[in-house]
1. Output the 0 to 90 degree angle, nearest 10, between the alpha-carbon long axis of helix 239-261 and the longest principal axis computed from the alpha carbons of the chain.
2. With springs connecting C-alpha atoms under 10 Å apart, model the chain as a Gaussian network and identify which of 132, 171, 80 has the largest mean-square fluctuation.
3. Which one of 87, 70, 47 has the biggest mean-square fluctuation once the chain is modelled by GNM with Cα springs under 10 Å?
4. Could you tell me how far the Cα centroid of segment 181-198 sits from the Cα centroid of segment 57-130, in Å?
5. For segment 29-180, rounded, prolate or oblate, judged on the Cα gyration tensor with a ≥ b ≥ c (square roots of eigenvalues), a/c < 1.5 rounded, else prolate if a/b > b/c?
6. Calculate how steeply helix 76-90 sits against the longest principal axis of the alpha-carbon atoms of the chain, using the helix alpha-carbon long axis, and give the answer as 0 to 90 degrees to the nearest 10.
7. List the relative contact order of the chain as a percent without decimals, with contacts defined as Cα pairs under 8 Å and 6+ residues apart.
8. Report, in degrees rounded to the nearest 10, the 0 to 90 angle that the Cα long axis of helix 93-105 makes with the longest principal axis of the chain.
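Here, each number is a calculation from the coordinates, and none is a lab measurement. Bear in mind that the values here come from a model prediction, so they are computed numbers and not experimental data.
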């Protein structure tokens with residue numbers, strides 16, 4: 001029963017799909033200092049399912065690409081629809097984190113000022129530039145991947161980018177006293193982390209064969225560099241940094257797919 005609750009919690013956190021009362025542990029009212037130990041365990045163990053949920057989101061995005069491609073002569077429109085679907089399913093959560101991170105980190109302010117900027121709901125110039133560049137890169141990369149590799153590429157991107165967040169939560173400390181991501185990080189254990197790692201490794205190999213090992217290592221490298229930079233700037237990571245790392249890892253995977261599978265010649 002706990003695994004079911006953990007899976008539903010992962011779906012609720014990473015997507016806009018409703019999962020009923022079983023995922024109520026992720027509601028705003030339960031993210032303060034009063035969470036029960038059982039809720040914390042449920043939320044921490046939900047990290048096991050992050051890669052699988054991410055892979056499903058990527059596959060749905062690829063499905064939107066393939067469906068649009070049936071009625072389109074080129075690859076640009078399917079790529080746009082695919083990226084739009086990806087954003088819609090995730091509720092723009094990770095893109096928002098990327099914008100906040102760009103605004104905060106590129107401002108070159110002090111630690112406290114940087115954290116304050118990340119709390120600011122308004123998007124600045126750096127954030128807008130980050131969003132535009134990210135969307136353009138994703139559309140261009142997806143349009144450059146051979147059609148037969150789009151499903152594999154987007155599924156792998158979803159799998160490894162969500163695992164990147166799990167990896168960062170296990171390796172790096174949290175930079176704030178409170179926050180949505182902290183409740184996940186407080187309960188993460190080696191067994192949770194290594195189970196998620198095993199699932200991701202298996203998925204990467206199934207999708208990309210032995211090349212999946214290299215791509216997974218690269219994704220971990222991207223996540224580590226993002227986490228390391230964040231720790232140097234603000235003493236740890238935040239939910240916004242995790243969202244930014246998710247977006248950057250997705251771009252890395254798509255670049256890898258263009259290089260490994262070959263672009264459209």
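1. Helix 239-261 and the main axis of the chain meet at about 20 degrees.
2. 132
3. Comparing 87, 70, 47 in the GNM, the peak value goes to 70.
4. Using only Cα atoms, the two centres lie 25 Å from each other.
5. Oblate.
6. Tilt relative to the chain: about 20 degrees.
7. About 26 percent, as a whole number.
8. The angle comes out near 70 degrees.
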